[in-house]
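Remarks on the structure that follows.
Derivation of every value follows stated rules applied to the coordinates shown; laboratory data play no part. Please read all numbers here as calculations on a predicted model, not as lab measurements. Here the Cβ is made from the backbone with ideal geometry for all residues, glycine too, and neighbour counts use every protein chain on show.
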Amino acid sequence: MTDQPTPVAPPQGVIDVRENHKFDEAALAKYLAAHLPGYGGDLVIRQFEGGQSNPTFLLQTGSKKLVLRKKPPGTLLPTAHAIEREYRIYKALEDTDVPVPKTYFLCEDASIIGTPFFVMDFVEGRVFRDTGMADFTPEHRRAVYRDMARVLGALHSVDYKAKGLTDYGKPGNYFNRQITRWTDQYLKAKTHEIPSMNALLEWLPKNMPNDDTTTIVHGDFALYNLMWHPTEPRCVALLDWELSTLGHPMADLAYNCMRYYTPDAASFGEGTPTEDEFVLMYCEMTGRERIKGWNFYLAFGFFRLASIIQGVYKRGLDGNASSSHALSMKDVVTATSDTGWRVAQGGK
């Protein structure tokens, strides 16, 4: 007889598994017993509220906690929800200066729980949803942002060729390919007209910088995707790599700086670096010069985010979104694309 799981308080944002995301738990337990070293049995499964795209679950077996990421149910766009790529990048970065959780295996057999999935360690730490970090001291805030710049710089400094990732994306021509991809995704998920989005669709291809710098890019590098030490201003895990590829590092940096253009920016606490200060921190970490064409990179970031959110909204309408908030995203798509168009024209 196995021991019962040690009672622990569930992490913040963990809920019972949603009805439309339930799967065969007995089949998963059997698979874990065969493929997970030290599997302790007595599996308890709960779901993380976050994770708009790929449903994410907390697994507890004995005293060990793990995380399972899977594709969502339903009909999916061909290039979306690529958890196989997430798993690959986690494995490639395990021995670099980029903090990532240990991964155990990828299961591509959809017959086990309905879709492919992978399992990794659960990392204890904090996630800051409040970008202003109102409850922290100015020193702590600034240290968090500096470490965030360090992690981004570390990622962009990884030798992707040495890590066997030369086929993880296509070197060069990144923004042309990304604009084409997210235009296609947006048009497939389109539900209503947005004038500013139409303007961005026309403006972005005509204003791409002539720069083919190539690094690993995260694709969703923002404060909420970094896990922080329980007490120290130190990142212990960079998460959610579904959108990662080989691409231009400025796409990540600009995406991370989009927070300075949201209504929340007015409430950033003392010690939070300005946009210029944060960009300078990153440049210092990577030995780069100041950046030209910054408005293009920012406008592209808002365009891509608007396309992603439109997809979330469309999945909500279709009834297979992984967040209960999906149906509230319609106005967010418009606001995001409006900001992108304003930035493209040199506005704040």
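Before moving on, here are some points about what is shown:
- Percentage relative contact order, the chain, counting C-alpha pairs under 8 Å, at least six apart: 19
- Per residue, the convex hull spanned by the Cα atoms of segment 138-344 amounts to 135 cubic angstrom.
- Helix axis angle, 294-318 relative to the chain longest principal axis, alpha carbon, degrees: 40
- Virtual paramagnetic centre 7 Å along Cα→Cβ of H325, amide N under 12 Å, in segment 121-136: 129-131
- Where only C-alpha atoms are counted, convex hull volume of segment 29-138 per residue in Å³: 153
- Pair-distance profile P(r), taking every C-alpha pair of segment 136-203, with 10 angstrom steps and integer %: 15, 25, 23, 30, 7
- The spacing between segment 255-322 and segment 13-65, judged by their C-alpha centroids, is 32 Å.
- Debye intensity ratio in log₁₀ form over the Cα atoms of the chain, taken at each q of 0.07, 0.09, 0.11 Å⁻¹: -0.30, -0.50, -0.76
- Think of it as helices only: each DSSP H run of n ≥ 4 in the chain is worth -39500 (n - 2.57), and spread over all residues that comes to -12000 deg cm²/dmol at 222 nm.
- Taking only the Cα atoms of segment 260-348, the ratio Rg/Rh comes out at 1.07, with Rh defined as the Kirkwood radius.
- With Cα atoms, 0 to 90° folded angle of helix 138-157 axis to the chain main axis: 90
- Separation of the alpha carbons by more than 19 angstrom is noted, of K188/K330; K22/K188; K91/K163; K170/K190; K206/K314, for K22/K188; K170/K190; K206/K314.
- Spin-label model distance (nm) - D276 vs K30, 7 Å beyond Cα toward Cβ: 6.4
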